[in-house]
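What follows is a set of notes on a single structure, which appears directly below.
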There are 4 protein chains.
Amino acid sequence: MVHARRTPERLSAFSDGVFAVLITVLVLELRPPEIPTFTALLALWPTWLSYAVSYVFIAIVWANHHHLMRYASEATPRLMWFNFAHLFSVSLLPLSTAWMAVSELAPQPVAFYAAVFFLVNASYVALIWDLVGRAPPSEVSPRDRSIMRIRSVVTLGIFAAAAGVALKFPILGLAMCCGCLIVYLKPEPSGAKDGTPVDGGE
Amino acid sequence: MVHARRTPERLSAFSDGVFAVLITVLVLELRPPEIPTFTALLALWPTWLSYAVSYVFIAIVWANHHHLMRYASEATPRLMWFNFAHLFSVSLLPLSTAWMAVSELAPQPVAFYAAVFFLVNASYVALIWDLVGRAPPSEVSPRDRSIMRIRSVVTLGIFAAAAGVALKFPILGLAMCCGCLIVYLKPEPSGAKDGTPVDGGE
Amino acid sequence: MVHARRTPERLSAFSDGVFAVLITVLVLELRPPEIPTFTALLALWPTWLSYAVSYVFIAIVWANHHHLMRYASEATPRLMWFNFAHLFSVSLLPLSTAWMAVSELAPQPVAFYAAVFFLVNASYVALIWDLVGRAPPSEVSPRDRSIMRIRSVVTLGIFAAAAGVALKFPILGLAMCCGCLIVYLKPEPSGAKDGTPVDGGE
Amino acid sequence: MVHARRTPERLSAFSDGVFAVLITVLVLELRPPEIPTFTALLALWPTWLSYAVSYVFIAIVWANHHHLMRYASEATPRLMWFNFAHLFSVSLLPLSTAWMAVSELAPQPVAFYAAVFFLVNASYVALIWDLVGRAPPSEVSPRDRSIMRIRSVVTLGIFAAAAGVALKFPILGLAMCCGCLIVYLKPEPSGAKDGTPVDGGE
């Protein structure tokens, strides 16, 4: 009975829908300036900057989510709820980016921003643990897996530290967040050749 | 002629699109506070709470919808219209949650909230009846089916009662709603082992 | 070379996304009333009514679109542009419904409403002509085809007439629109048994 | 291991979600006029015009994106990021169209508009280069490829020139943009018969 199996396709499709709405939420905030000059357009820079930054960061999150979901073979209730938690944290990104930009990098909004990324990362770690952590070695090489694990723990620690640091030195806290995101620019563990180790050898 | 069969895939895809928009509608309401302090952020608690609660409840509804749609093998007109009715009721959830939160749990908004859940549940019962109620016993074990039925009737009754009770004791009415939703946290009938009985026997 | 064929799946998926946004656009307008009473909720009746009506009508349009797209076997440029025209007309429905409700059925908004439905129907007729009109008789029985054609021409005429009539008698114009929509409640030509004639014969 | 391959389906689905939101963003701006007359409706012409124009242009972009993605056989990180850059540029279209219309074709908004189209086109050229530029001749005929390349370079040049020209003669700058878009109305290179050369010979 084909339709009784819970394939992860609909989970991915639903997640894509949510990502598509979230990545465009801030574009709804971009209003054409009253005056038809570039100066007026540039005066809106906090909104512009926060749209661009939030777009790039949600794109990074999507790329990693997309990468990880390839390991899913069944939409178990646990996977579903970890995924909902992940999407919920991601949905706070546009707001926190906007708040940070509007406040011109005030300490508490930057700390809140780092905290949201901590949540996004924590729920991503849960997804990794559910999807990759229990996969047989033939699917994920032990080396990849330990790279993924180390990366997760280290970035989680840095985001937590950044939230604390930002309360005193917001610029430094923000720099720490950006540093972590650069690590995630490449979804594959950095040691892995493009797809090769994933196919697992024989 | 392959393309003449009405597969339920597009029905699921459309529903996912609607769910994705609905689950993020309230995030559009979250505005960065004027003042860059946590206090200002916390002052927005009714919006925050209603976003979180409505997110979780729509997630529960999605999980159950996803579970049920696995039994669909054809997009009949009846299934389509039951599904539209279900999505319509779900689309009232963000509004009713926001109203309840803004009014700080006043009697009538809580009663309205319970009524919306009554509608969501009633249209879900119609979907169950259409998809599971007429399936052969090889697909759905009689035990699962009767668990599903009993659960539906009982929760429908409780939501209706909650709407009445809320007019006098809103906190109690809300607690009754939450109790029902916990029952739906697990889409599978509670007696069923993960997927096993669905595969139908031997 | 599998990926060179232009399958209509992505066209359907894109259309579903647009429909999902459009059907929920008006729910964004529903704001929780200031005062926590049912009276305050009912005072918003024009918004409520226009949401419900526009939801049902977009649902009817979706059901017909879904029905028709089953005949598509390739996403030709013509099909793509007819589809864009159809989606554009549908996107005017929420606005025209809202205007009609807000103006409490004033003549010109009702005439505009009928005109939008004329456009929706005209672009649907173009889709029918592209997808069904040139299909071999084995796919669409001649009887079905002539029913579809007659229905199209008649409803087009009635929508056009309704736009004119509404300028004098808005209620009558609106009734004519609703009458046409009832005809479309069942996407299959009314003479056809559920799916049977579509499978073409023996 | 089937799920380890990075199929481009999810990339397309995500892009479709973003396109669906973007193409309907401006419809959210259309508000029913206060007064129930056609005059009041026509007074909103800048919003109407910018919605219609932006709809048509996003439709053209979607049709070309859809055409190009058929050449994708794997969602490589490069393809993903080129695609994100493309979607980001497209997301600026509604805003820039609205600004141009509101300012009644003032020089700087038209120049900004041409600049946005330059970005959309530049990222599209990157997608062409990634997907078609390195495909074997059996998939894309050398003639098609050189038509695609020439078209890209020429339109890029014209959009850049249009941005400069618009600062002095906005109407001329806008006409240049529209001219380029007409070239893209047909996604296939103009020399190619419908699909034939793509199938690559016998």
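Taken over region C:43-54, the criterion of being surrounded by fewer than 20 Cβ atoms within 10 Å (Cβ to Cβ) and at the interface with chain B (Cβ under 9 Å from one of its Cβ atoms) is satisfied by C:Ala52 alone.
Condition check ((1) hydroxyl-bearing (Ser, Thr, Tyr); (2) in a helix (DSSP H, G or I); (3) open to solvent by less than 10 Å² (accessible area, probe 1.4 Å)) across all residues:
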{"position": "B:Thr7", "(1), (2), (3)": "yes, no, no"}
{"position": "B:Arg10", "(1), (2), (3)": "no, yes, no"}
{"position": "B:Leu26", "(1), (2), (3)": "no, yes, no"}
{"position": "B:Leu41", "(1), (2), (3)": "no, yes, no"}
{"position": "B:Trp62", "(1), (2), (3)": "no, yes, yes"}
{"position": "B:His65", "(1), (2), (3)": "no, yes, yes"}
{"position": "B:Arg78", "(1), (2), (3)": "no, yes, no"}
{"position": "B:Phe82", "(1), (2), (3)": "no, yes, no"}
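Under the condition of being of a type outside the set (Val, Ile, Thr) and open to solvent by 40 Å² or more (accessible area, probe 1.4 Å), which residue from region C:146-155 is farthest from C:Val116 (Cα to Cα)? Among residues in region C:146-155 that are of a type outside the set (Val, Ile, Thr) and open to solvent by 40 Å² or more (accessible area, probe 1.4 Å), the one farthest from C:Val116 (Cα to Cα) is C:Ser146.
Per-residue answers, yes or no, for (1) aliphatic (A, V, I, L, M); (2) within 21 Å of A:Leu79 (Cβ to Cβ):
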position: A:Asp130; (1), (2): no, yes
position: A:Ser141; (1), (2): no, no
position: A:Ser146; (1), (2): no, no
position: A:Ile150; (1), (2): yes, no
position: A:Val154; (1), (2): yes, no
position: A:Gly157; (1), (2): no, no
position: A:Ala161; (1), (2): yes, no
position: A:Leu167; (1), (2): yes, no
position: A:Cys178; (1), (2): no, no
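Name the residue that is farthest from A:Cys177 (Cα to Cα), counting only residues in region A:100-109 that are part of a helix (DSSP H, G or I) and open to solvent by 40 Å² or more (accessible area, probe 1.4 Å). Among residues in region A:100-109 that are part of a helix (DSSP H, G or I) and open to solvent by 40 Å² or more (accessible area, probe 1.4 Å), the one farthest from A:Cys177 (Cα to Cα) is A:Val102. Of note, B:Leu22 does not satisfy the criterion of being more than 8 Å from chain C (Cβ to nearest Cβ) and open to solvent by less than 50 Å² (accessible area, probe 1.4 Å). Tell me which residues, restricted to region A:46-57, are of a type in the set (A, V, I, L, M, F, W, C) and in contact with a Ser or Thr (Cβ under 9 Å, 6 or more places away or on another chain). Across region A:46-57, the qualifying residues are A:Leu49, A:Val53, A:Phe57.
Applying a threshold of 7 Å to beta carbon distances and a minimum spacing of six or more residues, or different chains, the list of pairs starting in region B:69-96 at a residue that is touching a residue at least 40 places away in the same chain (Cβ under 8 Å) and ending at one that is part of a helix (DSSP H, G or I) and among the acidic types (Asp, Glu) reads B:Arg78/B:Asp130; B:Leu79/B:Asp130; B:Phe82/B:Asp130.
Kindly provide the set of residues from region A:130-145 that are of a type outside the set (D, E, K, R) and open to solvent by less than 50 Å² (accessible area, probe 1.4 Å), ordered by number. Of everything in region A:130-145, those that are of a type outside the set (D, E, K, R) and open to solvent by less than 50 Å² (accessible area, probe 1.4 Å) turn out to be A:Leu131, A:Val132, A:Gly133, A:Ala135, A:Val140, A:Ser141.
Checking region A:130-150 against the condition returns no match, with no residue being in a helix (DSSP H, G or I), in contact with a Pro (Cβ under 7 Å, 6 or more places away or on another chain) and under 30 Å from A:Ala101 (Cα atoms).
Reported count of residues in region D:149-170, each being closer than 21 Å to D:Ala63 by Cβ and either in contact with a Lys or Arg (Cβ under 8 Å, 6 or more places away or on another chain) or modelled with pLDDT of 90 or more (or both), is 5.
None of A:Tyr55, A:Tyr71 is part of a helix (DSSP H, G or I) and hydroxyl-bearing (Ser, Thr, Tyr) except A:Tyr55.
Here is a check on your reading of the model: is B:Ser123 hydroxyl-bearing (Ser, Thr, Tyr), in contact (Cβ under 8 Å) with a residue 40 or more places away in the chain, in contact with a Ser or Thr (Cβ under 6 Å, 6 or more places away or on another chain) and closer than 20 Å to B:Ser12 by Cβ? Yes. When B:Phe117, B:Phe14, B:Phe88, B:Phe112 are checked against the criterion of being open to solvent by less than 10 Å² (accessible area, probe 1.4 Å), of a type in the set (Phe, Trp, Tyr) and within 9 Å of chain C (Cβ to nearest Cβ), B:Phe14 stands alone in meeting it.
Taking A:Gly173 as the residue in question, decide whether it is loosely packed, with under 14 Cβ neighbours inside 10 Å and at pLDDT 80 or above. When the stated conditions are applied, A:Gly173 does not pass them.
Conditions first: (1) under 23 Å from A:Leu172 (Cβ atoms); (2) open to solvent by 20 Å² or more (accessible area, probe 1.4 Å); (3) not aromatic (Phe, Trp, Tyr). A:Ala126 passes all but one, so which condition is the exception? With (1) under 23 Å from A:Leu172 (Cβ atoms); (2) open to solvent by 20 Å² or more (accessible area, probe 1.4 Å); (3) not aromatic (Phe, Trp, Tyr) applied to A:Ala126, the lone miss is (1). For D:Pro94, the conditions (1) farther than 30 Å from C:Met100 by Cβ; (2) at the interface with chain A (Cβ under 9 Å from one of its Cβ atoms) all hold with the exception of (1). Within region C:28-39, take every residue that is open to solvent by 20 Å² or more (accessible area, probe 1.4 Å) and not charged (D, E, K, R) and give me the one that is modelled with the lowest pLDDT. Only one residue fits best here, namely C:Leu28.
Which ones in region C:57-81 are more than 8 Å from chain B (Cβ to nearest Cβ) and within 13 Å of C:Leu93 (Cα to Cα)? Of everything in region C:57-81, those that are more than 8 Å from chain B (Cβ to nearest Cβ) and within 13 Å of C:Leu93 (Cα to Cα) turn out to be C:Phe57, C:Ile58, C:Ile60, C:Val61.
The values are calculated or read from the model by the stated rules, or taken from the named source; none is laboratory data. Computed from a predicted structure; not experimentally measured. Virtual Cβ from ideal backbone geometry, glycine too; neighbours counted across all protein chains shown. Remember, those area values only see protein heavy atoms, side chains included, never the ligands or the DNA or RNA. Shrake-Rupley method; radii C 1.70, N 1.55, O 1.52, S 1.80 Å.
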